[in-house]
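Report on one structure; see the data block that follows.
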Amino acid sequence: MNYVNSYIRKGNESILRQIGRYAKKWLLRTALALYFATGITVAVQHYLPIFQTIETEAYLGPLDSTDRLDRKITELKQDILNQLADCETGGVKEPAGYVRMDSNEYTSWTKYQWQRKSIIYYAKKLYGKEIGLREAGLIAFDSYPEVPLDELTLRVLFEDEKGAKNWFTCSKKLGLQNQIDIIKKLEL
């Protein structure tokens, strides 16, 4: 803009006629438009990093929504197991070694308070394995690789008709059956 003003002051009034009488306003508007366009471009790139997203997806591969849902369902199931373990053991320091005498005069073992007869029953029902008291004890202490304790507990919670009713008090206290029903709906 200073260039046009100095050029006109030097006596070159013909340029004024060529540019027009609104030359100063036009130059000012054009400069402001370029300034704001540059600012908007920088802001969009900063707040919506389009190029970084494309590079990340190209590196990691596209994430399918079912992958995210599966991960979330796994997290929710693990959360149910954690809630159940905390409730059943009352928050003892080492729930993996917790054993107590239950009201039916049988011992309940470890973090989910399994009784050996229940483990024997569900090992046969869910895994088709005939096991004895020794193996049931190993499963209760998560030392039997063919039937992992967390997996057995999840299968009973989600696949057995009694489900969370096997842990009646904690199920009622925590609302486990409602949580299980929601996860089952998500899995469909």
Problem - Label-point gap, in nm, between Ser143 and Phe158 - each point 7 angstrom along Cα→Cβ - result: 2.8
Practice task
Based on other C-beta atoms within 10 Å, arrange Glu88, Glu159 from fewest to most.
Solution key: Glu159, Glu88
Exercise for the section: Enumerate the aspartates and glutamates that Lys129 could reach by cross-link, defined here as Cα to Cα under 18 Å, with residues fewer than 8 away along the same chain left out. Expected result: Asp142, Glu146, Asp150, Glu151, Glu159, Asp160
Practice task
Pop out the ³J(HN,Hα) list for the stretch 90-96 in order, Karplus 6.51 cos²θ - 1.76 cosθ + 1.60 with θ = phi - 60°, rounded to Hz; leave Gly and Pro as x.
Solution key: x, x, 5, 5, 10, x, 5
Completion exercise
Nearest-0.05 FRET efficiency for Ser103 and Leu188 at R0 = 30 Å, using Cβ-Cβ distance, is 0.20
Handout entry: Distance between the stretch 141-155 and the stretch 110-124 - C-alpha centres, whole angstrom
Key = 10
Fill in the blank from the handout: By Cβ neighbour count within 10 Å, fewest first, Leu188, Leu152 rank Leu188, Leu152
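Using mean Cβ contacts within 10 Å as the protection proxy, how do 173-183, 117-127 order, highest first? Mind dumping the intermediate values first?
Details: 173-183: 14.7, 117-127: 16.7.
Sorting 173-183, 117-127 by mean packing, highest first, produces 117-127, 173-183.
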Fill in the blank from the handout: Stretched fully, the stretch from Thr41 through Thr169 gains (0.36 nm per residue minus C-alpha distance, one decimal, in nm) 40.1 nm
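Using a Förster distance of 25 angstrom, determine the FRET efficiency expected from the C-beta separation of Lys129 and Ala96, and round it to 0.05. Mind showing how you got there, number by number?
Numbers: r = 22 Å, r/R0 = 0.89.
It comes to 0.65.
Values in this text are rule-based calculations from the coordinates and carry no lab data. The shown structure was predicted, so the numbers you read here are calculated from the model rather than taken from an experiment. Cβ coordinates were reconstructed from backbone atoms using ideal geometry, including for glycine residues, and neighbour counts include every protein chain displayed.
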